[in-house]
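Scroll down for the structure; my scribbles are underneath it.
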Amino acid sequence: MTAEPLAFGPDFRWGVSTSAYQIEGAVTEGGRGPSTWDTFCAEPGRVLDGDTGAVACDHYYRYAEDVALMRDLGVDVYRFSFSWPRIQPSGAGPANAAGLDFYDRLIDSLLAAGIQPAPTLFHWDTPQALEDAGGWTSRDITSRFADYATILAGRFADRVPMWMTINEPVVLTLLGYAVGGHAPGRSLGFEALPVAHHQLLAHGRAVQALRAGGASNIGIASNHAPTWPASDSPEDVEAAGLYDNLVNWLFADPVLLGEYPSGMGEAMPGPVAEDLSVISTPLDWFGLNHYAPVLVGAPTGDPDTAATDGIPLPPGLPFEPRPLEGYPKTDFGWPVVPDAFAEILRTFKTRYGDRLPPIYITENGCAINDGVDDQRRIDYLDGYLRALKQVIADDIDVRGYFQWSLLDNFEWSAGYSQRFGLVHVDYKTQQRTPKASYHWYRDLITQSRK
Ligand code: GBH
C-alpha cells in the first residue's frame, strides 16, 4: 500500500519555531540583563554536561543567515520569541534601545524575505531581577508583563501581523516551580499553583495591552496532549483524570471558557472571578503545541516509574506518569503516536465547541540525533501531518503549522544533547547544514501551494 502524497490546501500556513534563550546566545551583549535560565545554567548539576545558552546558535549575530535559510525553505511565517531581559534588562522600566534594535533588524529582514514574523512575548526566560522579587509566584509580575507588552506593541505593531503571549505556561509551572527541573529550579509542589494563575492573568493582561497598542491577530502557545490512564482500574482512571486537569484544562479552560476545572479555582490567589474575565479575553486564534501523549497511573511509590523527561518527581504525588510502551520512540524517549495528535485536537473541538477559535499548531517536532540523514524525523513529521490533515478534513479549523525547530538548539535541561532542528548546527563552528528533513519540508510546502 502506498500512501497518498502528502499536501495541504494553498491557504494553509507553514512555519518554523524557535525561542530566544535556545538560539540567541550573546547573553551579556547589547545591554541584555540576566534571565533565570542564565542563573539556572550556572548552578552545577542543573543542565546536562553543564551546557548553557551563553552562545547557543549565535543567532543574535547570525540571524541574517538564519532568515536566508527560512527564505529558501519557503515558510510563510516564523515563530520566535522576544527575550524579555533584552527588552527590559531588569524586567521593569524603560526599554533597552539595543534590544529593540536587534528585533527591528530581525523583523525587517524577515519581511524583506517575504516571511511574516510571529513573535512570542515570553518563552520562559524571566528577567532575574523579577525572579528575585518572587517571579511568577508574585502577582506583581502581571503588571510588569503588561508594561512589557505595551513596549512591544508600541515598537512593532506596525510590522508584526501575528502575536502570541506565553509559551507553555504548564511547563514553567510544573518543571520550573513545582519540580524544579527547569529554571528557576524551585520545588514547590502544589504550592506552585499560583504560578499558573499569574501566567494566565499575565496572558490576559498582555492581550489587552497589545490590542490597546495597535497589535492584532493574537493567540497563546499552550502545550496539550492526551492523558491516558495506565489501566481501567478506578485508581488509575482517577489519577489520570487529575493529571489531565492539571496539565491540560487548568490552562485551556480559563482562556477559552473563563473558568477553572472544578475545584481548582479555589487554590488560586487574588480576585479569581475578576481575573478570569481578563484571562478569557477573546483570542483571535488558539496555539497548540503538541509532542506526545502521557500515560498516567496511581502512585506505586516506585521512583523508577515516576519520571517525566528524565526529571525526577517528588514523592507523595497523587499520580504517576508511566513509560508508554508499544510505540517507536524519538531519541528523547518520547513515544511517536500520530493518532494522539488527532485525539487532542478532537478533544478540543468537543470540549470547547463554538468557543474554540481557529487553531494554529505552534510547535510539533522531535529529537532525532542522526545528523543530516534524519529520515526518522521525516517519518515523524509525515505521520503527524497526515493525522493533522485528517482532522482538518473532519472539519476542525486548523490554519497553520509551525515545526519545532528551524535549528538544532539548546534543549533546556538536556543541553545540546537533543537535536530538534531541520537544520544541523555544528556548535564548534556554528556551521548550519540543512538536513534531509529540511528538503522534505520544503517540498511539502511547494506541493501544498500548487
Ligand atoms: C517545548 O516543550 C518547548 O516549548 C520548547 O522550547 C522545547 O524545545 C520543545 O518543546 C522540545 O522539548 O516524557 O513522553 O511524557 C515541550 C515540553 C514535551 C514536556 C513533552 C512534556 C512529555 C513527553 N513537553 N513532554 S513524555
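Can you return the lysines within cross-link range of Lys389? Criterion is Cα-Cα under 23 Å, with same-chain partners fewer than 8 residues away left out.
Lys329, Lys349, Lys450
Charges on Cβ only, +1 for Lys and Arg, -1 for Asp and Glu, centred on the Cα centroid of segment 123-202; of Ala157, Ala146, Asn167, which one is farthest towards the dipole's positive end?
Going by the Cα projections, it comes out as Ala157.
Between Ser90 and Glu4, what's the calculated FRET efficiency when r is the beta-carbon distance and R0 is 41 Å? Round to 0.05.
Details: r = 54 Å, r/R0 = 1.32.
Step by step, r from the Cβ atoms, then E = 0.15.
Quick one, can you get me the convex hull of the C-alpha atoms of the chain expressed as volume per residue in Å³?
On the way: hull volume 61.9 nm³, N = 450.
That works out to 138 Å³ per residue.
Any chance you could run the full-extension gain for Ala113 through Asp370? It's 0.36 nm times the residue separation minus the Cα-Cα distance, nm to one decimal.
Numbers: separation 257, 0.36 × 257 = 92.52 nm, distance 2.99 nm.
The Ala113-Asp370 span can extend by a further 89.5 nm.
I'd like to compare 167-176, 430-439: which one has the highest average count of other Cβ atoms within 10 Å, and what's the full order after that? Walk me through the intermediate numbers first.
On the way: 167-176: 23.8, 430-439: 18.2.
Final packing ranking: 167-176, 430-439.
Name the most mobile residue of Trp404, Trp440, Trp14, meaning the one with the largest mean-square fluctuation, in a Gaussian network model of the chain with Cα contacts below 10 Å.
The residue that fluctuates most here is Trp440.
Any idea what the alpha-carbon Rg over 2.2 N^0.38 Å comes to for segment 317-420? All intermediate terms of the calculation are to be shown ahead of the outcome.
Numbers: Rg = 15.4 Å, N = 104, 2.2 N^0.38 = 12.8 Å.
Cα Rg divided by the expected 2.2 N^0.38 Å: 1.20.
Of Asn248, Ile220, Gly265, which is farthest towards the positive pole of segment 200-272's charge dipole, taken about the Cα centre with +1 and -1 on the beta-carbons of Lys, Arg and Asp, Glu respectively?
It is Ile220, whose Cα lies furthest towards the positive end.
How many angstrom separate the Cα center of segment 367-416 from the Cα center of segment 138-189?
Between the Cα centres of segment 367-416 and segment 138-189 lies a distance of 24 Å.
More than 17 angstrom separation, counting every C-alpha pair in segment 246-345; what % is that? The partial results should precede the final answer.
On the way: 3183 of 4950 pairs.
Tail fraction, whole percent: 64.
Calculate the dipole size of segment 87-200 relative to its Cα centre from +1 charges on Lys and Arg beta carbons and -1 charges on Asp and Glu beta carbons; express the result in debye to the nearest 20. Each step should come with its number before you reach the end.
Values: 6 positive and 11 negative charges, 21 e Å.
Once rounded to the nearest 20, the dipole reads 100 debye.
Taking all pairs of different Cα atoms in segment 185-244, averaging 1/r and flipping that mean, what Kirkwood radius in angstroms comes out? Before the final figure, lay out the partial values.
On the way: mean 1/r = 0.0678 Å⁻¹.
With all distinct Cα pairs of segment 185-244 included, I get 14.7 Å.
Give a residue-ordered list of calculated ³J(HN,Hα) values for segment 379-388 (Karplus: 6.51 cos²θ - 1.76 cosθ + 1.60, θ = phi - 60°; whole Hz; x for Gly, Pro).
Those phi angles translate into 4, 4, 5, 4, x, 5, 6, 5, 4, 5 Hz.
So for the chain: antiparallel DSSP bridges make up what percent, rounded to the nearest 5? Let's see the in-between values first.
Values: 11 of 43 bridges.
Restricted to the chain, the bridges split so that about 25 percent are antiparallel.
Expressed as a whole percent, how much of the Cα-Cα distance distribution for segment 190-294 exceeds 22 Å?
The answer is 36 percent, as a whole percent.
Take the Cα coordinates of segment 349-409, assign each an equal point scatterer, and use the Debye formula without solvent to give log10 I(q)/I(0) at q = 0.19, 0.26, 0.29 Å⁻¹.
-0.78, -1.13, -1.28
Is the C-alpha gyration tensor of segment 43-118 telling us rounded, prolate or oblate? Criteria: a/c under 1.5 is rounded; beyond that, a/b larger than b/c is prolate, otherwise oblate.
On the way: a/c = 2.57, a/b = 1.32, b/c = 1.95.
Note, shape of segment 43-118 comes out oblate.
Report, largest value first, the span of the C-alpha coordinates of segment 114-158 along each principal axis, in whole Å.
Taking max minus min along each principal axis of the Cα atoms, segment 114-158 gives 41, 18, 14 Å.
Quick note: the coordinates plus some simple rules give every number you see, no bench work behind them. Bear in mind the structure is a predicted one, so any value in this text is a computation, not a measurement. Using ideal geometry, Cβ is built from the backbone for each residue, glycine included, and neighbour counts are taken over all protein chains shown.
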